[in-house]
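The values are calculated or read from the model by the stated rules, or taken from the named source; none is laboratory data. All of these numbers come straight from a predicted model, not from anything done at the bench. Cβ: placed from backbone, ideal geometry, glycine included. Neighbour counts: every protein chain shown. Remember, those area values only see protein heavy atoms, side chains included, never the ligands or the DNA or RNA. Shrake-Rupley method; radii C 1.70, N 1.55, O 1.52, S 1.80 Å.
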Amino acid sequence: SQQGEEDPQALSIQEGENATMNCSYKTSINNLQWYRQNSGRGLVHLILIRSNEREKHSGRLRVTLDTSKKSSSLLITASRAADTASYFCATDNTDKLIFGTGTRLQVFP
Amino acid sequence: DAGVIQSPRHEVTEMGQEVTLRCKPISGHDYLFWYRQTMMRGLELLIYFNNNVPIDDSGMPEDRFSAKMPNASFSTLKIQPSEPRDSAVYFCASSFFFRDEQFFGPGTRLTVL
């Protein structure tokens, strides 16, 4: 069963704009991860945020976590055409990492 | 390190045939995961190993699927007999720790006719 649900399912923006994707989950977690998947490729880990953290940055990425609302957001600032990909959140429950349904991001040059 | 290696990258077979997918994890990683990705069901965990021992195979769809890890550097996922509904992209991933970031291979795109 899906633990994380991303929103929106698809997002189209122009280069230079910011992209925000949201993830909601159902049960308590130890950490939440975000991954990127380019078309025809495997997933690539972007960032991990632990349950006791509220915000984390990595380059142009900013991730927030609100455990009270069971939600997380991924912000990509100053987007580039190369950011075009699907983005997945993954949450760990007691015994496995469960991936969400993903957000397809299209960045137009 | 070359990352997680999977072979073959593409496999086309006919219904009823045996299919074997292969994976070489990153050296030193204790965990190995097999996933299946389809448009309808997204990314599903099939099975994972810790130090070559299968820990959770609850995601394996049915008895036609089996996975082995004879040593720390090699794992196989076998489907026998294959069916058209098994068509999907199968990913292998590995990690140092269970809740750590996972490193994914490029995947095997399986088409069963």
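Data table
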{"item": "Counted charge near residue B:37, where neighbours are those whose Cβ lies closer than 12 Å (Asp, Glu -1; Lys, Arg +1)", "result": "+3"}
{"item": "Those lysines that a straight Cα-Cα span of less than 20 Å connects to residue A:26, excepting residues fewer than 8 apart in one chain", "result": "A:69, A:70, A:96"}
{"item": "Carbon + sulfur, % of accessible area of the stretch A:39-86 - ligands and nucleic acids excluded, 1.4 Å", "result": "44 percent"}
{"item": "Built amide H within the under 5 Å cut-off of residue A:101, gap 5+", "result": "A:6"}
{"item": "Cα centre as origin, Lys/Arg/Asp/Glu Cβ charges: the stretch A:1-89 dipole, Debye", "result": "260 debye"}
{"item": "Chain A: relative contact order as a whole-number percent, Cα under 8 Å and 6+ apart", "result": "39 percent"}
{"item": "Interface A:B - total buried accessible surface [probe 1.4 Å, Å², rounded to 100]", "result": "1500 Å²"}
{"item": "Share, in percent, of DSSP beta bridges within chain B that are antiparallel, nearest 5", "result": "90 percent"}
{"item": "Cross-link reach list, lysines versus residue B:78, counting only Cα pairs under 17 Å and skipping chain neighbours closer than eight places", "result": "B:24, B:68"}
{"item": "Neighbourhood charge, 15 Å Cβ-Cβ cut-off, centred on residue A:24 and excluding it, Lys, Arg +1 and Asp, Glu -1", "result": "-1"}
{"item": "Accessible solvent surface per residue of chain A, calculated while the other protein chains remain in place, 1.4 angstrom probe, Å²", "result": "48 Å²"}
{"item": "For residue B:100, distant residues with modelled amide H under 5 Å away", "result": "none"}
{"item": "Chain B, dipole about Cα centre (Lys/Arg Cβ +1, Asp/Glu Cβ -1), debye to the nearest 20", "result": "200 debye"}
